[in-house]
Amino acid sequence: MRGRRVGIIGAGISGLLACKYVLEKGFEPIVFESQPGVGGVWTRTPKTTKLQSSKQAYEFSDFPWPCSVQEEYPNHNQVMEYLESYALHFGLLPYIKFNTKVIDINYCVQQGQDMRSWSHWGGTATDNCFTNPKGKWEVTTTCAAAVQGHLGQDPRVYEVEFVILCIGRFSGTPNIPDFPPKKGPEGFVNGKVIHSMHYSAMEDSEATKFVKGKRVTVVGFQKSALDIANECATVNGVENPCTLLYRNLHWNIPADYNPYTVLASLYLNRFSELMLYKPGEGRFLSLLVTLLSPLRWAISKCVESYIKFKLPLKKYDLVPEHRFSADVTSCSISIAPKDFYDRVEEGSILLKKSKGFGFYTNGLTFDDDATAALESDIVILGTGYKGDLKLKNIFKSPTFQKHITDVLNSTVPLYRESIHPRIPQLAVIGYSESYANLYTSEMRCRWLAHFLEDGFKLPSIKEMEKDMLEWEKYMKRYSSRGACIGALHTWYNDQLCKDMGCNPKRKKRFFAELFEPYGPTDYANLTPGKK
């Protein structure tokens, strides 16, 4: 198996980890990155963006943060330096082709073979991850600068035996809301409409110049929308207040909270996972969830009281109708930017709730109040991304496009959140999110590298798809926005450890095992075995 070529698309966190771990197993990685450097989404963020999880949780297991970083939540420049140092330390840069955009990928087989041969992708004693020795992926690329400048350039094709997609959900393909006829952005003739992706791509000075002296409306209530609104308010003050337009509220955590007392110790440990129905669990554990549900409700209520004590949510009618625990299970919690509520208090951020909106010549109109038009110069859409569409479009084959998005309803269907049973010699890392995506991606890349080395066999396609349907039920029950393993992080890692033949219990004491949160250092000395 050693010496096989593994194509890795993306040099963000997941791409760097995939490169490191397949390289350790003796494979030949080729990383395709459209940007001029490593870092993925961290290369394009608003200037005030900071880490959303504690650096204790957002850390490589074998490469700690430098002592110079004292902050609990490092800023985006510190995160970038950390990722660059990791790539240098483990010698990953020679394997990365920068400024190289992947146009599509296509699976090629020996003449006469068909899809039935791909059924061996899963679960027999003789098959492995490189099921078909004659099956290969063609990765078609072009120069990223040529794409941006709409210049013609002959594409280049690379041939690899395995592909790892590390393209993420939160970049690349912006989610633009649908508007009724004549109410879309084209009707906003006296202003500009951009997505938060394009604002984040600006240099800091360019972004400041873009919004300075302008009436800005930011749409959304997730992290990027809050950060951008805060930045606009800092630039313009009360003279040109920024309006934050939102439809749905989410729980925000105070910027000065300690994650291991407020969130991790209450929600991210084995005991907290006993309060959730898990994919494929038995009757006893399901009964235990029912018995513990009052405790889960009480914990959520206590956390909500703490947040409302620290933040003026009631004063500004920003208390969500749903429980805090609902945002935990759907990975929808974010840290409120520093001074955000001070900006609201002073009037440099104005809050506006609406069920829907449209555009007119000078700004915005609202579905629930047609008379309350809002004049604006700039509208910035913090409305998220279409990660599933980006993932779908990278495949040249319509069959694979259908497999990757259409089998299940609300999430991209992946076994162990990494592998599609009906797409051979390919894995997806980093699509399903958690509260510390670096930590999650590292566990997945270890698991995948061990699988590539033939360390274990996958179940049959039927068994994998049964497992995926159980996960789909879990997502429908708890998650409002697709794939999130945040509330079952430790339980999920247990499954990966068992596949690799490792002991999933990493703590030394019973009460620590039950009540202490797990983190990257708990898996630092993970030693997979053959199965």
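The values are calculated or read from the model by the stated rules, or taken from the named source; none is laboratory data. Keep in mind the model is a prediction, meaning the values are calculated, not measured. Don't worry about glycine lacking a Cβ; one is built from the backbone with ideal geometry, like all the others, and counts go over all protein chains shown. In case anyone asks, the SASA skips ligands and DNA or RNA and just uses the protein heavy atoms, side chains included. Shrake-Rupley method; radii C 1.70, N 1.55, O 1.52, S 1.80 Å.
Brief remarks on what is shown
- Against the list (1) in contact with a strand residue (DSSP E or B) (Cβ under 6 Å, 6 or more places away or on another chain); (2) open to solvent by less than 10 Å² (accessible area, probe 1.4 Å); (3) closer than 26 Å to R156 by Cβ, the condition E33 fails is (2).
- Scan of region 255-275 for residues that are without any contact (Cβ under 8 Å) to a residue 40 or more places away in the chain and either assigned to a helix (DSSP H, G or I) or small (G, A, S) (or both), ordered by number: T261, L266
- You will find that of G191, G172, G184, the residue that is in contact with an Asp or Glu (Cβ under 8 Å, 6 or more places away or on another chain) and either under 18 Å from A233 (Cβ atoms) or open to solvent by less than 70 Å² (accessible area, probe 1.4 Å) (or both) is G191 and no other.
- Residue within region 276-283 that is within 30 Å of N493 (Cβ to Cβ), of a type outside the set (A, V, I, L, M) and part of a helix (DSSP H, G or I) present: yes
- When the residues of region 310-327 are filtered to those that are among the acidic types (D, E) and more than 16 Å from D342 (Cα to Cα), the one that is most open to solvent (accessible area, probe 1.4 Å) is E321.
- Counting only helices (runs of 4 or more DSSP H) that fall entirely inside region 385-469 and contain at least 2 residues that are over 30 Å from Y518 (Cα atoms) and outside the structural domain of S196 (by the TED database), the qualifying elements are 387-393, 398-406.
- Region 332-377, residues that are assigned to a loop (DSSP other than H, G, I, E, B), open to solvent by less than 10 Å² (accessible area, probe 1.4 Å) and closer than 30 Å to S53 by Cβ: S332, A336, S348
- Per the listing I307, I253, the residue uniquely under 22 Å from the mean Cα position of the chain (by Cα) and either under 30 Å from V216 (Cβ atoms) or open to solvent by 20 Å² or more (accessible area, probe 1.4 Å) (or both) is I253.
- Once region 378-396 is narrowed to residues that are over 20 Å from R247 (Cβ atoms) and open to solvent by 30 Å² or more (accessible area, probe 1.4 Å), the residue that is nearest to the chain's Cα centre (by Cα) is D388.
- Residue ranges of helices (runs of 4 or more DSSP H) in region 188-236 with at least 2 members more than 12 Å from T45 (Cα to Cα): 204-211, 223-236
- Checked against (1) out of contact with any helix residue (DSSP H, G or I) (no Cβ under 9 Å at 6 or more places or on another chain); (2) closer than 19 Å to D178 by Cβ, G384 passes all but condition (1).
- The lone exception for S479 - which of (1) among the polar types (S, T, N, Q); (2) within 21 Å of K278 (Cα to Cα); (3) open to solvent by 30 Å² or more (accessible area, probe 1.4 Å) it fails: (3)
- When Y107 is tested against (1) over 19 Å from P459 (Cβ atoms); (2) open to solvent by less than 30 Å² (accessible area, probe 1.4 Å); (3) at pLDDT below 55, exactly one condition is not met: (3).
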